[in-house]
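Please read the structure below before turning to the comments.
The values are calculated or read from the model by the stated rules, or taken from the named source; none is laboratory data. Just so it is clear, the structure is predicted and the values come from calculations on it, not from any experiment. Because the Cβ atoms are built from the backbone with ideal geometry, glycine has one as well, and the counts that use them run over all protein chains shown. Accessible surface areas use protein heavy atoms only, side chains included; no ligands, DNA or RNA. Shrake-Rupley method; radii C 1.70, N 1.55, O 1.52, S 1.80 Å.
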Amino acid sequence: MPGVLPVLQGKAVINPGAPLIHDLDADLHGNVWHLLPMEKYRAHNWQCFGDLDLRLPYASIYTSLGCPYRCSFCCINAPFDGNQYRMRKPEAVVAEIDHLYRTYGIRTFKIIDEMFVLNDRHVRAICDGVAALGYADELNFWAYARVDTVKPDILATLKAAGIRWLALGIESGSAHVRDGSAKRLRTEDIAGVVGTIQAAGLAVIGNYIFGLPDDTAASMRETLDMAKALNCEFANFYSAMAYPGSALYTQALAQGLALPESWAGFSQHSYECAPLPTETLSAAEVLSFRDEAFHEYFSDPAYLGMVERRFGAETRSHVEEMAQHRLRRRLLGS
Ligand code: SF4
């Protein structure tokens, strides 16, 4: 706007935060899918294990925003100025799924909520609504849950709505490291919940983090051993990052730790990836362990055998091929 820019030139202007939107359906959810190239979106490979052709078409939908928890490595609430959990109306979510199915033929969905399996009434209303559409057996959803929010009696309801995968933030094999990241879960509860979800016919993605503040070489090994013992249908391995807005970021600034110089340094898979060091490990050691853990897990005969039994020989070959690709990393001189 002429007349405004010259006044602001050379100055960073920080506006006050906008008030939180509480009625997500009224204020945020117009039907604007037609503005997107819907034919170009593709699901993660693992979501379509067993039938990799179903990765397209694909859509991600929100049913809630925010998370009431405060894990130290997580910055998810940073844009919302507080730990508030806001939900859409279940009937609006179901109508949106029906629209995407009928208009774009979408059967593969991500529920992108930070924490979907949390509010029992919300989850049941959405799942019952989707099941009543009459084609839930064609659908394939995945969603986030926590070990301590998954109750066994919800699993049949999730499955009837086409939810086939739950992602669990397991984070560390060491209870001490989990406690230090404000994620207090008992090891026996983790194994029990993973087994209960699998017994109900859903698959599990285990998420793990290497290089949390209390991590040592031994505790990172403990984490990888736990991942291999749990043998979830898929696993994501992350290095701990001081994402702006997280408690880890505040701690890193207070301790004067080196932080990435560009946004690319915060990216888990980038060449510039620069995780946090710990008291006993350099950033390069954490990153190197993370990358080797990926190859060890996805080349493990026990894992590959499970994949073949559960999803077939073609999926096993796909995973074997995936595990051969190595990331180039500046920190590791590769
Ligand atoms: S890691 Fe998950 S449970 Fe923890 S604050 Fe972030 S979204 Fe919530």
Of (1) assigned to a helix (DSSP H, G or I); (2) more than 16 Å from the ligand (Cβ to nearest atom), GLY134 fails just (1)
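Out of SER174, SER181, report the one residue that is in contact with a Pro (Cβ under 8 Å, 6 or more places away or on another chain), within 22 Å of SER72 (Cβ to Cβ), touching a residue at least 40 places away in the same chain (Cβ under 8 Å) and among the polar types (S, T, N, Q). Before you say what the answer is, go through the steps one by one.
Values: SER174 fails: in contact with a Pro (Cβ under 8 Å, 6 or more places away or on another chain).
Result: SER181 is the single residue among SER174, SER181 that is in contact with a Pro (Cβ under 8 Å, 6 or more places away or on another chain), within 22 Å of SER72 (Cβ to Cβ), touching a residue at least 40 places away in the same chain (Cβ under 8 Å) and among the polar types (S, T, N, Q).
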Conditions (1) out of contact with any Leu (no Cβ under 7 Å at 6 or more places or on another chain); (2) open to solvent by 60 Å² or more (accessible area, probe 1.4 Å); (3) within 15 Å of the ligand (Cβ to nearest atom): number failed by ILE209: (2)
Can you pull out the residues in the range 65-85 that are within 11 Å of the ligand (Cβ to nearest atom), more than 18 Å from TYR208 (Cβ to Cβ) and over 15 Å from the mean Cα position of the chain (by Cα)? PRO68, ARG70, ALA78, ASN83, TYR85
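Does GLU91 meet the test of being loosely packed, with under 12 Cβ neighbours inside 10 Å and away from the ligand (no atom under 16 Å from the Cβ)? If you could, list the steps in order and put the result at the bottom.
Working: loosely packed, with under 12 Cβ neighbours inside 10 Å: no; away from the ligand (no atom under 16 Å from the Cβ): yes.
No: the conditions fail for GLU91.
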Where the second residue is small (Gly, Ala, Ser) and the first is farther than 19 Å from TYR58 by Cα and lies in the range 15-36, which pairs have Cβ atoms under 6 Å and are six or more apart or on separate chains? ASP25/ALA92
Can you tell me which residues in the range 55-64 are within 16 Å of the ligand (Cβ to nearest atom) and either among the charged types (D, E, K, R) or open to solvent by 50 Å² or more (accessible area, probe 1.4 Å) (or both)? TYR62
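Kindly indicate whether THR315 is in a loop (DSSP other than H, G, I, E, B) and either β-branched (Val, Ile, Thr) or modelled with pLDDT of 95 or more (or both). Before you say what the answer is, go through the steps one by one.
Values: in a loop (DSSP other than H, G, I, E, B): no; either β-branched (Val, Ile, Thr) or modelled with pLDDT of 95 or more (or both): yes.
Taking the combined requirement at face value, the residue does not satisfy it.
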Restricting attention to the range 164-219, report how many residues are within 18 Å of the chain's Cα centre (by Cα) and within 25 Å of ALA43 (Cα to Cα). 18
Given the options TYR271, TYR243, TYR238, TYR249, name the one that is of a type outside the set (Asp, Glu), more than 18 Å from the chain's Cα centre (by Cα), open to solvent by 10 Å² or more (accessible area, probe 1.4 Å) and within 16 Å of the ligand (Cβ to nearest atom). TYR249
Quick check on this structure: which one of GLY256, GLY265 is over 20 Å from ASP300 (Cβ atoms), free of Cβ contacts under 8 Å to residues at least 12 places away in the same chain and buried (at least 18 other Cβ atoms within 10 Å of the Cβ)? GLY265
Output the residues belonging to the range 94-129 that are open to solvent by less than 60 Å² (accessible area, probe 1.4 Å), closer than 29 Å to ILE170 by Cβ and either among the polar types (S, T, N, Q) or assigned to a helix (DSSP H, G or I) (or both). ILE97, THR108, ASN119, HIS122, VAL123, ALA125, ILE126, CYS127
Counting only residues that are open to solvent by 10 Å² or more (accessible area, probe 1.4 Å) and of a type in the set (D, E, K, R), which one in the range 172-203 is nearest to the ligand (Cβ to nearest atom)? LYS183
Given the structure, is ASN140 away from the ligand (no atom under 16 Å from the Cβ) and either of a type in the set (Lys, Arg) or under 20 Å from the mean Cα position of the chain (by Cα) (or both)? yes
For the range 13-50, which positions are of a type in the set (Asp, Glu) and surrounded by 12 or more Cβ atoms within 10 Å (Cβ to Cβ)? ASP25
